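These notes concern the structure reproduced below.
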Amino acid sequence: MAVIKYTKLHTYREAYHKLYHHFRYDIWDIVSSNSPSHQKIIKRYKWITKSINRFLFYYSIPLIVFVDSFPYLVMIYENKFNYVTDQYLYPFDGWYPFDRVKWYAAVYVWESCMTAIVVFVYVFSNMIHTSYIAFICMELRILGSCLDEIRNPEDVIGVIGRTKKDVHNTVIRKLKVIISKHEYLAKTAAKLNLVLGDAMLLNYSLGSIFICLTAFTSTMVDNLYKSLRYFFMCVSLLVEIFNQCVIGQILSDHSVGLSDTIYSWDWTSASPEAKKIILLFIMRTQKPFKLTGNGYIIMNMDTFSRIMSSSYQFFNLLRTIYR
């Protein structure tokens with residue numbers, strides 16, 4: 001999974017760079033410094049993004065320390081209190097063409113470094129994708145706010161007056177800008193869906209099985225180290241699948257929210273050209289943004305519920321067979 005995440009980041013680095021450029025420079029074309037609503041939206045999503053990224057980063061450091069030191073601490077505990085002297089524990093069980101007991105220190109350092117790399121790949125990949133999803137949601141909210149501002153009372157009054165063509169042109173121009181921004185966000189969401197598709201499909205197809213097996217093994221083994229090890233593996237799988245389902249659900253909800261804003265927009269008194277543009281916009285927003293597993297399954301909270309339900313059923317089946 002770490003290889004897939006790194007490969008996708010490296011392969012689509014140009015797309016990530018363009019997306020970064022858009023959210024750093026181009027997004028400000030629709031943001032009004034005089035709009036309290038825009039400022040409130042930006043501050044809110046800035047705080048959300050910073051909070052999530054700080055949590056992921058500061059969570060990864062103690063996680064690496066714990067995963068790398070836990071086997072050694074358990075080994076010391078077994079040696080001191082249970083007098084077990086022939087037990088050698090490692091961060092993970094790898095195959096080596098030599099006696100890894102003889103080279104225990106070197107193997108342990110190597111596996112600790114590899115564990116840290118894998119955790120950082122996971123964390124930074126999730127930080128990047130979570131940030132971009134949050135920024136897409138932020139821009140969708142700003143577009144909805146722009147639609148609300150178009151229907152100000154003075155604009156509606158001006159549109160009703162047939163002689164005030166400048167108001168008609170202003171409304172049409174704003175609508176075209178909003179539609180062009182929405183089209184760019186739709187393409188961006190489709191690109192992220194393409195990038196994340198393989199990992200999401202793998203998580204969905206194998207998630208239930210591995211969650212079930214790791215949870216079952218952690219409850220069946222008598223060894224404390226192995227029990228805790230499989231338990232944390234199960235928790236890590238749950239967190240990874242939950243993260244993908246949550247960002248997919250949030251992205252879909254925000255795109256649907258923009259569609260609801262369009263429906264509630266008072267466009268009955270708009271010009272015929274503006275009505276055509278609005279109808280076109282309504283048709284485009286009929287299909288919400290979504291993240292899928294290569295088009296086979298939509299990643300949302302319903303999918304997460306199905307994965308958890310399947311895992312629980314398999315878990316009970318294994319316990320029944322084992323008994």
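The values are calculated or read from the model by the stated rules, or taken from the named source; none is laboratory data. Quantities reported herein were computed from a predicted structural model and do not represent experimental measurements. A quick note on method: Cβ atoms are made from the backbone with ideal geometry, for glycine too, and the neighbour counts reach across all protein chains shown.
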(request) Among residues belonging to the range 70-101 that are surrounded by fewer than 15 Cβ atoms within 10 Å (Cβ to Cβ) and of a type in the set (A, V, I, L, M), point out the one that is nearest to the chain's Cα centre (by Cα). (result) L73
(message) Whether any residue in the range 237-246 is exposed (fewer than 14 other Cβ atoms within 10 Å of the Cβ) and over 30 Å from E14 (Cβ atoms) is what I want to check.
(response) no
(request) Would you point out which residue out of I41, I61 is of a type in the set (A, V, I, L, M), modelled with pLDDT of 85 or more, touching a helix residue (DSSP H, G or I) at 6+ places or on another chain (Cβ under 6 Å) and assigned to a helix (DSSP H, G or I)? (result) I41
(message) Being surrounded by 12 or more Cβ atoms within 10 Å (Cβ to Cβ) and touching a helix residue (DSSP H, G or I) at 6+ places or on another chain (Cβ under 8 Å) is the requirement here; does Y104 meet it?
(response) no
(request) Any residue in the range 241-263 that's farther than 27 Å from I209 by Cβ: show its pairings with residues that are assigned to a helix (DSSP H, G or I) and among the acidic types (D, E) at Cβ separation under 8 Å, as long as the two are six or more apart or on different chains. (result) T261/D148
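Residue-by-condition table, conditions (1) over 26 Å from M200 (Cβ atoms); (2) of a type outside the set (G, A, S):
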position	(1), (2)
S236	no, no
S271	yes, no
K275	yes, yes
S311	no, no
Y322	yes, yes
(message) So L196 ticks every box in (1) in contact with a Lys or Arg (Cβ under 9 Å, 6 or more places away or on another chain); (2) over 24 Å from I297 (Cβ atoms) but one. Which box is left unticked?
(response) (2)
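Conditions (1) part of a helix (DSSP H, G or I); (2) over 27 Å from the mean Cα position of the chain (by Cα); (3) among the aliphatic types (A, V, I, L, M), marked per residue:
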residue	(1), (2), (3)
L258	yes, no, yes
K275	yes, yes, no
I278	yes, yes, yes
I282	yes, no, yes
T303	yes, no, no
Q313	yes, no, no
